[in-house]
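Please read the structure below before turning to the comments.
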Amino acid sequence: MNTDAVMPKAACATCSLAQNARLIKLGIETGGWDYVVALAGNPNTGKSTVFNAVTGLRQHTGNWPGKTVTRAEGGFIYDGKRYKLVDLPGTYSLLSTSVDEEIARDFILFGQPHVTVVVVDATRLERNLNLVLQILEITDRVVVCLNLMDEAERHGIKVDDRALARDLGVPVVPTVARRGEGIPELLAAIAQVASGEYATRPHRIRHLDPEVGQAVERLTREIEKTFKGLPNARWVAMRLLEGDERIIEAVRKHELGELAPAAEMASTMQPALETA
Amino acid sequence: MTDKAMPPDSPDPLLDMADSLRQEVGPDFHDRLVESIYTDASQIASHTVTHDGERGRFYWDRTLDRLLTSRTWGFPIMGLMLMAVFWLTISGANVPSAMLADLLMDKVYNALHGAASALSLPWWLSGFVIDGMYLATAWVVSVMLPPMAIFFPLFTLLEDFGYLPRVAFNLDRLFHRAGAHGKQALSMMMGFGCNAAGVISTRIIDSPRERLIAIITNNFSICNGRWPTLILMGTIFIGATAPPALASFAAAASVVTIAVLGIILALGVSWFLSRTWLKGETSAFSLELPPYRPPQILQTLYTSVIDRTLIVLWRAVVMAAPAGAIIWLLGNITLGDASLAVHLVQLLNPIGLLFGLNGVILVAYVLAIPANEIVIPTILMLTLMVSGSDAVQAGVMIEMEDQTQVYNVLVNMGGWTLLTAINLMLFSLIHNPCSTTILTIWNETKNLRWTTVATLLPLGLGFAVTFLTATVARLFGLV
């Protein structure tokens with residue numbers, strides 16, 4: 001699964017003409033979109049920087065975890081299609097219950113974005129993969145943005161992005177978002193996954209011990225019977241086995257698979273208040 | 001969250017099956033799941049990531065971390081950094097402040113009055129617009145713009161570099177001992193910009209108990225609206241008591257002292273809350289220290305000037321113009337033998353003096369509930385108005401070319417002493433949050449009781465502290 005073929009080559013990547021021709025930054029204009037794209041990732045991996053690079057907005061970025069705790073929305077046009085981009089709070093996992101993790105989880109699950117971009121820190125790949133693997137259980141329309149490649153290089157870390165794409169079954173795009181490097185490739189990958197041109201084959205959590213694995217499988221089959229066409233039955237099964245109240249409630253109310261605006265509730269405050 | 005119409009045990013075959021399977025698997029499902037995720041992650045990482053040998057990887061970062069978060073050096077370095085930031089701010093802001101004041105309050109002000117009389121506008125209209133609204137706005141701009149334009153970029157540079165998480169790391173130990181969540185150190189850092197943003201940022205704290213503590217104590221982080229008050233008071237009162245060569249240094253030290261006092265208060269109040277109304281276990285968490293990143297100087301300058309300085313200034317101006325109008329009205333509507341402003345100030349003066357403040361300051365803090373930014377301009381206008389000096393028409397601020405004249409107005413006309421200035425600095429740190437923050441606290445907690453506590457607790461504490469300093473100062477005959 002090599003996506004290089006259709007992407008601009010290195011020299012074009014940093015050329016503003018090539019970018020401007022295909023990308024129109026819309027700022028906070030998000031009406032009439034064709035696709036919704038969520039931006040997830042661990043804290044402090046540069047999500048807001050990617051967000052700014054693509055939308056032309058100036059969400060405040062800061063070098064510390066926990067900077068973004070609300071959703072920020074922006075828009076852009078790429079190759080004639082309108083995209084709404086939603087910057088989610090950074091989280092280490094989607095398994096616990098703090099408000100910021102709930103906002104991120106609910107949006108990916110109930111907001112059903114067409115594409116979820118997971119921004120990962122190339123210098124701390126292993127830890128970041130924990131979140132990627134969890135998101136891949138929820139949605140198969142994922143693009144991994146391998147950010148901070150410059151820092152990785154400085155620290156003598158090399159990441160084989162093609163091997164990573166093969167292992168995860170989704171496009172992996174190396175970027176240096178601060179300098180805008182790799183953003184055109186990222187947009188191309190988002191467009192391909194959004195349109196279905198790139199068929200992902202997401203990695204599923206493998207090393208479940210037999211007892212757990214069996215319980216998950218049995219429950220998954222049952223869920224698939226009740227909610228036909230639910231793309232993430234296995235993940236729901238795991239949440240039910242863990243006793244996640246929010247998901248139990250969603251099952252009871254038959255909210256699963258609907259476009260429930262659950263994520264709206266949590267974001268009454270937009271960061272229009274100046275952030276520090 | 002549970003739906004009242006459907007009791008939690010309503011029959012649902014799917015949920016029943018999940019229940020029985022959950023019992024079969026046992027309570028350690030979460031740990032076993034997390035373990036398999038970790039195994040997968042490390043397997044993938046192992047054949048996609050290669051290290052260029054182990055040649056001193058992160059060496060520089062680690063050495064710096066050892067120094068900045070050292071038990072011995074962590075706090076002294078923090079103090080020095082803060083001192084440096086404020087020293088640069090205070091010594092750098094003097095000249096541009098004086099230039100702006102000269103331009104806005106002398107040249108433009110006179111030009112506006114010239115234009116008004118050329119158009120033969122009625123006295124009340126030109127008074128209301130030029131002497132009320134325009135002058136208040138001009139004050140805000142000339143007193144606040146220069147220090148903010150220096151302070152915010154410096155602070156943002158430190159932030160971009162990655163220093164703030166190290167401060168949080170240092171403070172974490174203390175917060176833990178105070179029975180609060182370590183992440184409170186992060187929401188506190190956020191509060192140093194804006195308390196409303198700080199309150200929202202407590203969402204990263206998962207325990208509701210610890211989150212409430214963080215919300216209630218966020219107000220002890222000095223926000224953008226309060227830095228200018230502290231910087232001005234520090235400059236003209238504290239700095240002035242030191243020999244000229246050390247003036248900026250003494251002024252910076254006084255501002256740092258107030259900021260540190262804020263941190264101590266946040267810790268103390270957290271300690272108190274976690275042992276009384278909000279008892280409970282302290283949760284553990286791991287704080288990730290991000291890598292140091294070379295700050296992007298130009299971008300930082302741009303964002304901190306446009307996004308922070310101008311937004312704060314805009315808020316100040318938007319609030320100052322109507323406040324200026326109100327003050328002008330208060331000064332020009334007379335009741336009996338004096339203006340409303342005089343009545344109001346005289347009414348509050350005895351109470352204010354009891355706390356080492358005065359009536360003008362109390363009126364200013366009532367008017368400044370929507371935005372702390374207008375405290376200083378309001379104080380200056382009211383002082384001039386109430387003092388009834390012949391040089392000043394009712395409701396009009398005289399031109400003041402630099403900060404020395406601010407000092408003269410406050411001391412000679414307002415009867416201020418060093419105690420008034422110090423207590424104003426203390427009260428600026430310890431009083432109710434601004435209305436935006438109160439509203440945010442309500443939005444985040446949806447609880448009237450805690451919103452009230454968060455509003456009144458600091459106010460009560462502020463009066464207690466200023467009463468204490470005033471009483472001590474009087475006992476020792478210092479004022």
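The values are calculated or read from the model by the stated rules, or taken from the named source; none is laboratory data. Just so it is clear, the structure is predicted and the values come from calculations on it, not from any experiment. All Cβ positions, even for glycine, are placed from backbone atoms using ideal geometry, and neighbour counts span all protein chains on display.
Restricted to the range A:40-147, the set of helices (runs of 4 or more DSSP H) holding at least 1 residues that are touching a Pro at 6+ places or on another chain (Cβ under 8 Å) and modelled with pLDDT of 90 or more comprises A:125-138. Note on the range B:240-257: residues that are surrounded by fewer than 23 Cβ atoms within 10 Å (Cβ to Cβ) and part of a helix (DSSP H, G or I) amount to 12. Looking at the range A:215-232, can you tell me whether even one residue there is touching a residue at least 40 places away in the same chain (Cβ under 8 Å) and touching a strand residue (DSSP E or B) at 6+ places or on another chain (Cβ under 9 Å)? Taking every residue of the range A:215-232 in turn, none turns out to be touching a residue at least 40 places away in the same chain (Cβ under 8 Å) and touching a strand residue (DSSP E or B) at 6+ places or on another chain (Cβ under 9 Å). Do you know which of the residues in the range A:167-182 that are over 15 Å from the mean Cα position of the chain (by Cα) and in a helix (DSSP H, G or I) is farthest from the other protein chains (Cβ to nearest Cβ)? Among those that are over 15 Å from the mean Cα position of the chain (by Cα) and in a helix (DSSP H, G or I), it is A:Ala177.
Every test in (1) more than 17 Å from the chain's Cα centre (by Cα); (2) crowded, with 19+ Cβ neighbours inside 10 Å; (3) within 14 Å of another protein chain (Cβ to nearest Cβ) is passed by B:Ile213 save one, and that test is (3). For the range B:216-231, the set of residues classified as part of a helix (DSSP H, G or I), farther than 15 Å from B:Gly280 by Cβ and modelled with pLDDT of 85 or more consists of B:Thr217, B:Asn218, B:Asn219, B:Phe220, B:Thr229, B:Leu230, B:Ile231, listed by residue number.
In this structure, is B:Ile90 free of Cβ contacts under 8 Å to residues at least 12 places away in the same chain and within 30 Å of B:Ala168 (Cβ to Cβ)? So B:Ile90 does not fit the description; no. Here A:Thr123 fulfils each of the conditions (1) away from chain B (no Cβ under 14 Å); (2) buried (at least 21 other Cβ atoms within 10 Å of the Cβ); (3) among the hydroxyl-bearing types (Ser, Thr, Tyr) apart from (1). Exactly one residue among B:Leu382, B:Leu439, B:Leu419, B:Leu459 is under 18 Å from the mean Cα position of the chain (by Cα), modelled with pLDDT of 80 or more, under 25 Å from B:Pro350 (Cα atoms) and part of a helix (DSSP H, G or I), and that residue is B:Leu459. Against the list (1) under 15 Å from B:Ala41 (Cα atoms); (2) surrounded by fewer than 20 Cβ atoms within 10 Å (Cβ to Cβ), the condition A:Lys158 fails is (1).
Any residue that is surrounded by fewer than 20 Cβ atoms within 10 Å (Cβ to Cβ), of a type in the set (Ser, Thr, Tyr) and either in contact (Cβ under 8 Å) with a residue 40 or more places away in the chain or out of contact with any Ser or Thr (no Cβ under 8 Å at 6 or more places or on another chain) (or both) - is there at least one of those in the range B:157-170? No - not one qualifying residue is present in the range B:157-170. Checked against the criterion of being over 22 Å from A:Phe110 (Cα atoms), small (Gly, Ala, Ser), crowded, with 19+ Cβ neighbours inside 10 Å and assigned by TED's automatic domain parsing to the domain that holds A:Gly41, the range A:188-196 contains one or more residues that satisfy it. Within the range B:171-202, which residues are surrounded by fewer than 24 Cβ atoms within 10 Å (Cβ to Cβ) and of a type in the set (Lys, Arg)? Matches in the range B:171-202: B:Arg173, B:Arg177.
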